[in-house]
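K.L.:
Can you keep this structure in mind? I'll have questions shortly.
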Amino acid sequence: MKIKEVISKDLRLPFSFIKGNVKARDKKAQKMYEFFHSELNKNSKGKICTVDSFKKAIENTLFPFKVNYDIVKNQNNKGVVASFGVKCGAEYLKDSALIMVKKYQFAFRINQKNEIPAKYSILHETSHLIDKLFHPKMILFRIPKKSTQENNDVLDIRDTLYGFLLRDLNSNISKKEIKSTIERLLDRIPLEERSNILQSFRYAIMSEIKAYNNEMCSILKDELSFSNIKTAIKLKMFLVQNCKFDYKLKLMNKYLKETIQKERTLNQKRNY
């Protein structure tokens with residue numbers, strides 16, 4: 001059985017617009033982010049923006065292109081979820097392969113006035129969205145396997161490792177513990193699938209670093225006040241003490257290089 005994740009057709013920009021090397025795409029993505037920031041600020045006040053101003057900023061930023069999206073309220077009515085590339089789902093192909101069409105989704109709280117009190121979180125998440133639009137390969141993930149159970153095992157390990165690297169950030173974990181946890185989980189992933197998983201995590205960490213940097217710069221760019229400086233410093237300390245993304249990226253690069261070398265050595269032995 002094969003599990004393959006592809007990008008929703010409703011979550012793409014024309015190749016003619018995004019084409020170029022990584023550096024060129026990064027430059028275009030950053031320019032689009034800065035334009036979105038300025039568009040959002042046109043109808044925002046301080047740290048607050050409305051859902052309507054968010055929609056307008058997204059549409060103005062992507063014009064003349066259209067990325068299909070939807071914004072719906074949560075069941076508890078305390079927040080909303082923005083889904084980009086909403087026309088997607090999962091289907092089985094003739095060769096028994098499961099296709100999972102990827103979309104990008106994020107949630108944010110709203111108050112009784114339909115306002116978003118955390119504008120900078122919106123900027124952070126939109127930075128990720130723009131990153132994915134200009135680097136679509138970042139959200140591709142493929143696992144060729146022999147059985148459904150093996151697929152599920154790899155996916156479970158991948159999800160656990162993803163959570164450890166990018167979601168479980170409430171405590172200050174030592175570099176030694178980070179390294180040992182990653183190596184323990186990687187040892188459970190078959191060699192032939194390890195490089196693909198490491199590459200996807202590498203992309204995710206790079207995008208996270210960029211999104212946090214954009215968030216901090218936007219805070220200070222809006223107003224160089226004591227409150228904003230304090231917020232930016234707290235965010236920086238959180239990144240250094242809890243996230244340690246630079247160290248995690250260094251490890252991903254190291255393990256990816258080692259995995260590719262092991263794969264090459266194994267292939268050479270098979271050819272003899």
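K.L.:
Can you pull the one-decimal nm distance between simple spin-label points at ILE178 and LEU191, each 7 Å off the Cα toward Cβ?
P.N.:
Placing both labels 7 Å beyond Cα along the Cβ direction yields 2.8 nm.
K.L.:
Something else about it: Once both labels are modelled 7 Å past Cα along the beta-carbon direction, what's the PHE238-ASN152 spacing in nm?
P.N.:
3.6 nm
K.L.:
How large is ³J(HN,Hα), in whole Hz, for each residue of the stretch 49-54 in order, when computed from phi with the Karplus curve 6.51 cos²θ - 1.76 cosθ + 1.60 and θ = phi - 60°, using x for Gly and Pro?
P.N.:
9, 9, 4, 5, 5, 5
K.L.:
Would you mind putting 170-176, 158-164 in packing order, based on average other-beta-carbon counts within 10 Å, highest first? Show your work: numbers first, answer last.
P.N.:
Details: 170-176: 10.1, 158-164: 15.1.
Highest to lowest by the protection proxy: 158-164, 170-176.
K.L.:
What ranking of VAL240, VAL80 emerges when the number of other C-beta atoms within 10 Å of each C-beta is taken as an exposure proxy, fewest first?
P.N.:
In increasing order of surrounding Cβ atoms, one gets VAL240, VAL80.
K.L.:
Give, in nm to one decimal, the length gained when the segment between SER171 and LYS113 is fully stretched (0.36 nm per residue of separation minus the Cα-Cα distance). All intermediate terms of the calculation are to be shown ahead of the outcome.
P.N.:
On the way: separation 58, 0.36 × 58 = 20.88 nm, distance 3.40 nm.
Full extension of this stretch gives 17.5 nm more.
K.L.:
Taking θ as phi - 60°, what are the ³J(HN,Hα) couplings along the stretch 173-188 by the Karplus curve (6.51, -1.76, 1.60), each to the nearest whole Hz, with x for Gly and Pro?
P.N.:
Per residue, the Karplus-derived 3J(HN,Hα) values read 9, 5, 4, 4, 5, 4, 4, 5, 5, 4, 5, 5, 6, 5, 4, 8 Hz.
A short reminder: the numbers here are calculations on the coordinates, not readings from a lab. Here the structure is a predicted model, which means the values were calculated and not measured. In this analysis, Cβ positions are derived from the backbone assuming ideal geometry, glycine residues included, and neighbour counts consider all displayed protein chains.
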